[in-house]
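Down below is the structure, laid out as structure tokens.
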Amino acid sequence: MMIEQLFKAATGHAPFRWQARLYEQLLKGKLPARCNIPTGLGKTSVIHLWLLALAEQLRIDPTRITLPRRLVYIVDRRVVVDQATEEADKLLARFKSAASAGPSDPLGNLARC
């Protein structure tokens with residue numbers, strides 16, 4: 001499934017081009033040292049992109065995962081920490097919902113991995 005469909009199912013909106021490119025890099029196991037992106041362009045979505053890529057790697061072949069199982073998210077503002085935590089909680093709830101949903105849910109196959 002394409003990142004546009006997965007990202008929209010996870011977040012409710014389409015990914016920016018940089019987000020789609022980052023997803024493809026993550027899927028290949030290529031990790032950026034950092035993400036230097038201007039305010040308002042979706043840096044928090046790195047959490048979503050990492051989880052979607054990790055789940056896709058698990059779905060394809062659980063023995064060949066190249067992404068780390070943990071994501072370290074370092075920021076220097078408390079409000080961003082709170083926002084990232086809220087987004088992670090929403091994403092977890094969305095994956096739980098998708099895992100028990102029928103085959104029409106775009107995240108269903110990934111959530112059941």
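The values are calculated or read from the model by the stated rules, or taken from the named source; none is laboratory data. What you see is a predicted model, and the numbers here were worked out from it, not measured in a lab. Every residue, glycine among them, receives a Cβ derived from its backbone with ideal geometry; neighbour counts consider all protein chains shown. When the accessible area is computed, the model is the full protein with side chains, heavy atoms only, and any ligands, DNA or RNA have been set aside. Shrake-Rupley method; radii C 1.70, N 1.55, O 1.52, S 1.80 Å.
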Of the options L110, L49, P68, report the single residue whose Cα projects farthest towards the positive end of the charge dipole of the chain (beta-carbon charges: Lys, Arg +1; Asp, Glu -1). P68
Among S97, V80, T11, whose Cα sits farthest toward the positive end of the charge dipole of the chain (+1 at Cβ of Lys/Arg, -1 at Cβ of Asp/Glu, about the Cα centre)? V80
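For segment 32-77, run through the trypsin sites (Lys or Arg not before Pro) and keep only the ones in DSSP coil with at most 15 other Cβ atoms within 10 Å of their Cβ. Intermediate results must be reported in sequence, preceding the final value.
Values: sites: R34, K43, R59, R64, R69, R70, R77; in loops: R34, R64, R69, R70, R77.
Passing both the DSSP loop test and the Cβ count: R34, R64, R69, R70, R77.
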At 0.36 nm per residue, minus the direct Cα-Cα distance, what do V81 and T44 gain on full extension? Give it in nm, one decimal, please. 12.4 nm
Roughly how many debye, to the nearest 20, is the charge dipole of the chain about its Cα centre, given +1 on each Lys and Arg Cβ, -1 on each Asp and Glu Cβ, and no other charges? 260
Once normalised by the length of the chain, the mean sequence separation of its alpha carbon contacts under 8 Å that are 6 or more apart gives a contact order in percent of 28
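Return one whole number: the accessible area per residue of segment 12-113 in Å², for a 1.4 Å probe. Kindly include the intermediate steps, with their values, before the conclusion.
On the way: 6830 Å² over 102 residues.
Accessible area per residue: 67 Å².
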Roughly how many Å² of S104 are accessible to a 1.4 Å probe, to the nearest 10? 110
List every residue whose amide H lies under 5 Å from the amide H of G29, counting only residues 5 or more places away in sequence or on a different chain, with H placed 1.01 Å from N in the peptide plane. none
Could you run the Debye sum over the Cα atoms of segment 27-90, one equal point scatterer each and no solvent, and tell me log10 of I(q)/I(0) at q = 0.18, 0.20, 0.25 Å⁻¹, two decimals? -0.72, -0.85, -1.16
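I want the local charge near L107. Using Cβ-Cβ distances under 14 Å, sum +1 for each Lys or Arg and -1 for each Asp or Glu among the other residues. Please list the in-between numbers first.
Values: positive: K8, R59, K90, R94, K96, R112; negative: E4, E56, D105.
Neighbour charge sum, excluding L107 itself: +3.
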